[in-house]
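S.K.: Would you mind keeping the following structure in view while I ask a few things?
The values are calculated or read from the model by the stated rules, or taken from the named source; none is laboratory data. Everything numeric here is computed off the predicted structure, so don't read it as measured data. Glycine gets a Cβ as well: all are built from the backbone with ideal geometry, and neighbour counts include every protein chain shown. Heads up: the accessible areas ignore ligands, DNA and RNA and are worked out on the full protein's heavy atoms, side chains in. Shrake-Rupley method; radii C 1.70, N 1.55, O 1.52, S 1.80 Å.
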Amino acid sequence: MKFDAPIGDTPIDNGRVVGRPHSRVEGPLKVTGRATYAAEWHEDLPAMLYGAIVPATIAKGTVKAVDPQAARQSPGVVEVLTFEDIDIHGTSSGRTVKMVGGPEVQHYHQALGIVIAETFEQARAAAALVHFEYEVGAGSFSLDGGRADAKVCGAYGGPGETRLGDFEAAFEAGEVRFDAEYRTGAHSPAMIEPFASIAQWQGDDLMLWTSNQMIAGTRGSMASMLRLDEERVRIFSPYVGGGFGAKLWANADAILAAIAAKKVGRPVKVVMPRGLIFNNTINRPETIQRLRIAARADGTIEAFGHEGWSGNVKGGNPESTVMASRSVYAGPNRLMADHMAHLDLPEGNAVRAPGDAVGSIAVEIAMDEMAEKLGLDPIEFRVINDSQVDPSKPEKTFTNRHLVRCLRDGAERFGWGDRMAPGTRRDGKWLIGMGVATAYRAALRHASGAAVRLETNGRITVETDMTDIGTGSYTILAQTAGEMLGVSVDRVDVRLGDSRFPVSAGSGGQWGASSSTSGLYVACVNLRRSIAERLSMDAERVEFEGGEVRSGNRVCSLLDAVAGGPVEAEGKFDFAQSDTKAFGTFGAHFVEVGVDAYTGEVRVRRMLAVCSAGRILNPVSARSQVIGAMTWGVGAALSEKLEVDERYGCFLNHDLALYEVPVHADIPHQDVVFLDDLDPHGNPMKAHGVGELGLCGVGGAIANAVYNATGTRLRKVPMMVEDIIPHLPEPV
Ligand code: MOS
């Protein structure tokens, strides 16, 4: 199905199943330990061996000599493979550095080999005995140091610099002008489930159980790295304990498990220890961002400039900090540019809401600062500069932009009217403040396929290589099939994450929910037609409800259609690539903080997100996505930051003890409200994703609340106690 015109009424609009709250269908499996994650396929795999990655312990330089002897003689060791024994064609699609380095080392903890042993402990012990002699090179590890040589650079195929009007002239001529720089910290995706793979060769065919967001791309990439036909590779990833971008592709665990298993002729499991994850895989780089805004005295923006600087390995992407700025606030004169400095730190790449998650922090603090300069309420300033056309592409109108409603509705619900002047509200020892921010994230789509089958027992089976990375894919797909075929969710079996199934959009960029359900929608339209034909009914007039199929006066049971065997259909959602409309998801974040007047500790007291993202397919899983995203925003604002050790060129805090993500005690109260507005322009579900929208802007709202509480403006996140203490009032 080529989706190229807005869709009218569909069976989804009945809203009997889709749009209703439903707890996750695979939840019981997960909470009882029966959902088999990548590292847990033991029963099928006797004689499995364990692989331990041998990482580089320098950031830059050359391996001069390899000595695997001590490791080879270590108890239980079956094989030691170093880069000298490993042949990988190219790198993993989507990644920049090689999955196995050597002799050149590209970053600290880059894999240089693997030890395979009878037990995990034996493999780990022996991995420490593989000896490399290095010639250490001089690396660049500091963004401040690399900034002067940074080059304008686009991310993920997008433009590096975009301009409209004459930014510099308009900025100079501005009545009220604002110019400031901001910093955001580097982030680790820090998902609960580590990178993990089990590989088994069945003749010339590779079977790979792995933890992955995008099955088809990973399959192609594995085949390419191993110089195999894609048909020889099967990827299986039915349950994923978080990915956040880092599992969009095959990582070192996957390729090394495959190579090791081939070499030893037995299944090999490779689980990346937590201590390796932060430096071996990918991160969201630190950024510096400059915001220049000029406005008329009435608050109308005349010039909007946003420039970002970040570092990455050669050939990598910059953090796309300015991407969202192209589409959020109005202003006829615009300059947006990302710059990349070459650094020798571990690879920067997609981490949840890449670019926008931290770009929005700088922009939303700047908007707060500018509103104050103009003497405007920060919500009014945002409302004045809302734009129903894409500010950078004025010929494109947004299909569904309800930012103003989100801001106004949120203000009312949150009690924005109670906000006081900066540094004036107190509750005992707590300085109290409120902050607001806009949330914007693109509403991307990807082609997506699915198969759906009516079984002879009347149950429905859905098959697609879509993944559920904790997001709720199983549930919304079950709901979609249920709605289309007139059955409840408990009559639908959803099977995901298997490369034998039709290729889906996969999970990334918050496109998964709307794209994958749209693919299934198309498959269900086709299945409804086949069922109608079997029942000799008019496919155009048939209704599916309560396990029955109705056409005019005739009523059949779904079971009547399968008397002669199951009925199956496939379908694919696709669309015209040249959009004439602008798509986006919008929201408003409201935060109340308390800042301890004596210690500077910031406690988030209340959070509210009002989100507009088309039809909300399942308010339970959508809410869960948004509160998780808001929690990420708290981390970015208050605690999460990879600390660079410039002596060794690595991230020092490479575990969950020192890389501090928020925990339950940090998050007292979160509300999420969905406008649940339908957008018929993007896909047949009239839906968009929310998983990244929920993060965009949050850190800015928190920083603005800290300002409102203390009267002190911090232009860096995370805001640490030591940043705040010098600005606290004298003890009373
Ligand atoms: Mo997301 S960072 O596009 O998986």
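S.K.: Name the residue that is nearest to the ligand (Cβ to nearest atom), counting only residues in the stretch 497-517 that are of a type in the set (A, V, I, L, M, F, W, C) and over 19 Å from the mean Cα position of the chain (by Cα).
M.R.: Among those residues, the one meeting the criterion is 503.
S.K.: Another question about this same structure. Can you give me the number of residues within the stretch 340-353 that are in contact with an Asp or Glu (Cβ under 7 Å, 6 or more places away or on another chain) and open to solvent by 10 Å² or more (accessible area, probe 1.4 Å)?
M.R.: The qualifying residues number 1.
S.K.: Is one or more of the residues making up the stretch 258-274 out of contact with any strand residue (DSSP E or B) (no Cβ under 9 Å at 6 or more places or on another chain), away from the ligand (no atom under 16 Å from the Cβ), within 30 Å of residue 119 (Cα to Cα) and open to solvent by 20 Å² or more (accessible area, probe 1.4 Å)?
M.R.: So far as the stretch 258-274 goes, yes, one or more of its residues are out of contact with any strand residue (DSSP E or B) (no Cβ under 9 Å at 6 or more places or on another chain), away from the ligand (no atom under 16 Å from the Cβ), within 30 Å of residue 119 (Cα to Cα) and open to solvent by 20 Å² or more (accessible area, probe 1.4 Å).
S.K.: With 668, 726 as the choices, which residue is of a type outside the set (A, V, I, L, M), modelled with pLDDT under 95, more than 22 Å from the chain's Cα centre (by Cα) and not in a loop (DSSP other than H, G, I, E, B)? Break it down stepwise before answering.
M.R.: Values: 668 fails: not in a loop (DSSP other than H, G, I, E, B).
Within the list 668, 726, the selection yields 726.
S.K.: Same structure, new question: Out of contact with any Ser or Thr (no Cβ under 6 Å at 6 or more places or on another chain) and not polar (S, T, N, Q): which single residue out of 318, 394 fits that description?
M.R.: Working: 318 fails: out of contact with any Ser or Thr (no Cβ under 6 Å at 6 or more places or on another chain).
Residue meeting the stated conditions: 394.
S.K.: Report yes if residue 92 is surrounded by fewer than 15 Cβ atoms within 10 Å (Cβ to Cβ) and either in contact with a Ser or Thr (Cβ under 6 Å, 6 or more places away or on another chain) or of a type in the set (Ser, Thr, Tyr) (or both), otherwise no. Quick ask: steps written out before the conclusion?
M.R.: On the way: surrounded by fewer than 15 Cβ atoms within 10 Å (Cβ to Cβ): no; either in contact with a Ser or Thr (Cβ under 6 Å, 6 or more places away or on another chain) or of a type in the set (Ser, Thr, Tyr) (or both): yes.
In short, no.
S.K.: Let me ask another. From the list 543, 570, which residue is within 30 Å of residue 212 (Cβ to Cβ) and open to solvent by 40 Å² or more (accessible area, probe 1.4 Å)?
M.R.: When all the criteria are applied, what remains is 570.
S.K.: Contact list please: Cβ distance under 7 Å, first residue in the stretch 260-280 and of a type in the set (Asp, Glu), second residue at pLDDT 95 or above and not in a helix (DSSP H, G or I), pairs at least six apart or on different chains.
M.R.: From the stretch 260-280, no pairs qualify.
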